[in-house]
1. As a quick test, which of the pairs Lys126/Lys309; Lys370/Lys437; Lys385/Lys437; Lys12/Lys412 have an alpha carbon distance above 24 angstrom in this structure?
2. So what J values fall out for the stretch 127-139 if you push phi through Karplus, 6.51 cos²θ - 1.76 cosθ + 1.60 with θ = phi - 60°, rounded to Hz, Gly and Pro as x?
3. Sticking with the crude label model, points 7 Å out along Cα→Cβ, report the distance from Arg276 to Ser123 in nm, one decimal please.
4. Calculate for the chain the 222 nm mean residue ellipticity that helices alone would give, adding -39,500 (n - 2.57) per DSSP H run of length 4 or more and normalising by residue count, nearest 500 deg cm²/dmol.
5. In debye to the nearest 20, how big a dipole does the stretch 189-266 give about its Cα centre with +1 on each Lys and Arg Cβ and -1 on each Asp and Glu Cβ?
6. In the chain, carbon and sulfur make up what percent of the accessible area (probe 1.4 Å)?
7. With the other protein chains left in place, how much accessible area per residue, in square angstrom, belongs to the chain at a 1.4 angstrom probe?
8. Over the chain, what relative contact order in percent results from Cα pairs under 8 Å that are six or more residues apart?
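The values are calculated or read from the model by the stated rules, or taken from the named source; none is laboratory data. Please read all numbers here as calculations on a predicted model, not as lab measurements. With ideal geometry, Cβ positions are generated from the backbone for all residues, glycine too; neighbour counts draw on all protein chains shown. The area values use the complete protein model at the heavy-atom level, side chains included, leaving out ligands, DNA and RNA. Shrake-Rupley method; radii C 1.70, N 1.55, O 1.52, S 1.80 Å.
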Amino acid sequence: MRLSRYFLPVLKETPAEAQIVSHRYMLRAGMIKQQAAGIYSWLPLGFKVLRKIENIVHEEQQRAGHIPLLMPTLQPADLWRESGRYDDYGEEMLRIRDRHDRDMLYGPTNEEMVTDIFRSHVSSYKDLPLTLYHIQWKFRDEIRPRFGVMRGREFYMKDGYNFDLTQEDALHAYNRHLVSYLRTYERMGLQAIPMRADSGPIGGDDTHEFLVLADTGESEVFYDSAVTDLTFGDRDIDYDDVSQCQGVLEEFTSKYARTDETHDEALFNQVPEERRRVARGIEVGQIFYFGTKYSEAMGATVQDKDGNKVPVHMGSHGIGVSRLLGAIIEASHDDKGIIWPEGVTPFHCGIVNLKQGDEEADGACEALYKSLTALGLEPLYDDRKERAGAKFATMDLIGLPWRITVGPRGLKNGVVELTCRRTGESEELPPEQAVTKLAGIYEGHMVRGL
Ligand code: 5CA
């Protein structure tokens with residue numbers, strides 16, 4: 001993309017309403033625009049990152065064997081009357097009436113609808129196990145929408161639902177989700193710690209939240225610092241292998257890590273004092289096992305081997321896709337702007353032409369642009385007639401992990417400069433070598449964007 005033709009409405013001033021750094025940078029970098037409290041337009045740069053995050057979630061869900069579908073944002077109230085949640089959900093639910101006076105709602109989650117799909121089409125244990133998921137806009141009329149996309153009213157969420165014959169099978173689905181989430185967040189450059197949590201309006205006994213540590217997080221968390229040494233890495237997991245998934249769950253959840261809702265001071269005090277941490281975290285996902293709560297209320301049954309009709313065991317599993325943009329920025333920025341991890345960056349590198357209009361500099365930039373694009377990389381070429389300082393400031397703000405700087409002086413010696421946004425380190429090298437180096441860095445991080 002050439003910056004002169006892109007739509008990147010960068011703001012010079014820091015918007016007064018933004019209280020936390022991710023919100024400030026998303027507004028300043030022209031990623032989002034607020035349209036109403038907690039409701040945003042996703043401008044091209046923000047939309048690009050949203051799609052990359054979404055695609056990582058899709059890839060990891062499908063690697064775990066989960067099946068994508070798409071349910072609508074608007075739902076009939078009658079489904080929620082069946083489960084009893086129409087009244088329970090309270091003011092957070094946005095209720096709408098259509099022209100025929102039918103009660104509708106903008107879905108805050110989809111347990112009822114997916115259960116309805118299941119009961120309409122599945123009747124035998126032979127069709128189990130089954131996990132269906134979608135990534136769709138949700139609406140929760142939050143009393144205090146704030147911090148930009150972090151706590152929106154309209155937000156983008158991945159929600160998945162498992163249907164299993166037995167509790168044991170459903171617990172495997174729970175473990176499988178936990179494992180796939182660990183991999184998902186790591187691919188986004190995040191450490192998200194599974195913490196024992198409270199189930200709230202979803203219901204159920206078993207639930208873990210995934211938290212990214214950040215001072216600006218809304219949840220207070222208590223943990224054994226040993227949990228932060230754990231990394232999932234590039235493990236080759238067989239998601240059908242019950243004991244393997246169970247093993248990963250135990251490894252990642254056996255140390256003390258809880259949100260304030262489930263915090264137990266006496267248990268926490270058993271952690272060696274030097275490892276006890278009290279901090280804040282951003283909740284980027286949650287998994288639930290709730291057994292037959294919805295299947296019994298809504299008649300989602302299957303015939304078992306003996307021909308008996310039994311309600312299926314279910315769980316639901318969410319990832320805050322739009323919130324993740326905020327969480328990633330909170331975890332990865334400096335005073336100049338965002339620092340995108342390679343896995344989610346909107347463009348793979350910036351090309352800064354120090355002397356736009358200089359025949360040699362323009363030619364070298366065009367050649368770099370072509371070779372990077374030919375390798376499947378997406379460069380953002382700043383081809384504007386601007387001062388070098390302004391070009392650098394824009395690149396730093398929007399946070400591309402790598403920048404190639406091209407100027408007549410370097411070109412005389414046959415080199416360009418490759419700079420790492422995170423460390424600030426630069427090296428001079430011939431243009432072809434800069435391209436090869438970037439191709440190597442992004443191998444394994446190629447996520448489709450837009
Ligand atoms: N049905 C279950 C699992 S699919 C569910 O709704 N879980 S949830 O309530 O925990 O939401 C899943 C994730 O969505 C949360 O972990 C959080 O990351 C994100 N989320 C929830 N509310 C908001 C909000 N108001 N703004 C942005 N993200 C949110």
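1. Values: Lys126/Lys309 13 Å; Lys370/Lys437 15 Å; Lys385/Lys437 28 Å; Lys12/Lys412 35 Å.
As for pairs spanning more than 24 Å Cα to Cα, those are Lys385/Lys437; Lys12/Lys412.
2. Couplings: 8, 9, x, 9, 10, 10, 9, 9, 10, 8, 5, 10, 10 Hz.
3. Taking the simple label geometry, Arg276 and Ser123 are separated by 5.9 nm.
4. On the way: 14 runs with 148 residues, N = 450.
Roughly -10000 deg cm²/dmol at 222 nm, from the helical runs in the chain.
5. Details: 4 positive and 20 negative charges, 23 e Å.
Charge dipole of the stretch 189-266: 100 debye, to the nearest 20.
6. Numbers: 9220 of 19910 Å².
The value for the chain is 46 percent carbon and sulfur by accessible area.
7. Working: 19910 Å² over 450 residues.
It amounts to 44 Å² per residue over the chain.
8. Values: 901 pairs, mean separation 77.9, N = 450.
Across the chain, relative contact order equals 17 percent.
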